[in-house]
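What follows is a set of notes on a single structure, which appears directly below.
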Amino acid sequence: APNTLSRALNANTTSGNVTGLTFPNLLGGDGNDDNSVDVLDIDALVASFDKCTGDVGFNAMVDFNGDGCVDVLDIDILVANFDLTGE
């Protein structure tokens, strides 16, 4: 998923179709799609801070909660996952 850290999910399909898979929660905060949450993501968020869908400079990649605006709620997500890397 865009702006989240990737997670690996293993499934053995050698004996046919697999059903009932559940995917783990994906952690947000990757605003530049490099599979890590770091200072480059802070830079991207700051450049789009206080902007909403339709505003010049709005970057949907740093709207981590998907509410259409880049604000303190998105900062909270980035900070919570800062310095993490996906699988």
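The values are calculated or read from the model by the stated rules, or taken from the named source; none is laboratory data. This is a predicted model, so every value here is computed, not measured. Using ideal geometry, Cβ is built from the backbone for each residue, glycine included, and neighbour counts are taken over all protein chains shown. Surface areas here come from the heavy atoms of the whole protein model, side chains and all, with no ligands, DNA or RNA. Shrake-Rupley method; radii C 1.70, N 1.55, O 1.52, S 1.80 Å.
Things worth noting here:
- Per-region count, the stretch 32-54, residues outside any loop (DSSP other than H, G, I, E, B), touching an Asp or Glu at 6+ places or on another chain (Cβ under 8 Å) and open to solvent by 40 Å² or more (accessible area, probe 1.4 Å): 1
- Considering the stretch 19-31, and only residues there that are more than 10 Å from T4 (Cα to Cα) and open to solvent by 60 Å² or more (accessible area, probe 1.4 Å), the residue that is modelled with the highest pLDDT turns out to be T19.
- Check on L9, assigned to a helix (DSSP H, G or I) and either among the aliphatic types (A, V, I, L, M) or free of Cβ contacts under 8 Å to residues at least 12 places away in the same chain (or both): no
- Scan of the stretch 71-87 for residues that are open to solvent by 60 Å² or more (accessible area, probe 1.4 Å), touching a strand residue (DSSP E or B) at 6+ places or on another chain (Cβ under 9 Å) and part of a loop (DSSP other than H, G, I, E, B), ordered by number: D83, L84
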